[in-house]
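The values are calculated or read from the model by the stated rules, or taken from the named source; none is laboratory data. Because the structure is predicted, anything quoted here is derived from the model rather than measured. All Cβ positions, glycine included, derive from the backbone under ideal geometry; neighbour counts span all protein chains shown.
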Amino acid sequence: MKKFHITVNGNAYEVDVEEIGAASAPVPAAPAAAAPAAPVAAAPAGGTVITCPMPGTIIDIKVSAGQAVSEGQVLVIFEAMKMENEIVAPCAGTVASINVNKGDSVDSGAVLLSLN
């Protein structure tokens, strides 16, 4: 277990970080002011779930539910680390659900939308 002092948005925290493979139980970190996360939803049967690769803020949603999309089409634009990032369709399909709204703060792995 290692201790670190970190500062986030001007707030100082002391955290303990467990090394991978260490035998000890994890120690909870000091609570941080967390932004609301996008809801987690399961993919429809046979569907494809599109998740956020890193924490950020949704800037724009370029599709709507029921819309047909092609592979490589821009679905969502989000801001992370002061850069705009595009989430594109990994395959052609139809937008089954949209799980975020413009302006939402999302965590890494949050479900953005799903395709059929």
Task: Residues of region 61-78 that turn out to be surrounded by 13 or more Cβ atoms within 10 Å (Cβ to Cβ) and part of a strand (DSSP E or B), as a count - done: 7
Task: Among (1) modelled with pLDDT under 80; (2) of a type in the set (D, E, K, R); (3) touching a Leu at 6+ places or on another chain (Cβ under 8 Å) - the single one E18 does not satisfy - done: (3)
Open item on the list: Just checking, does region 28-47 include any residue being of a type in the set (V, I, T), assigned to a loop (DSSP other than H, G, I, E, B), modelled with pLDDT of 90 or more and not assigned by TED's automatic domain parsing to the domain that holds H5?
Closed with: no
Task: Qualifying residue in region 82-105 (condition: modelled with pLDDT under 90 and not in a loop (DSSP other than H, G, I, E, B)) - done: no
- [ ] State all residues of region 98-116 that are of a type in the set (G, A, S) and under 13 Å from V69 (Cβ atoms); if no residue qualifies, say none.
- [x] S114
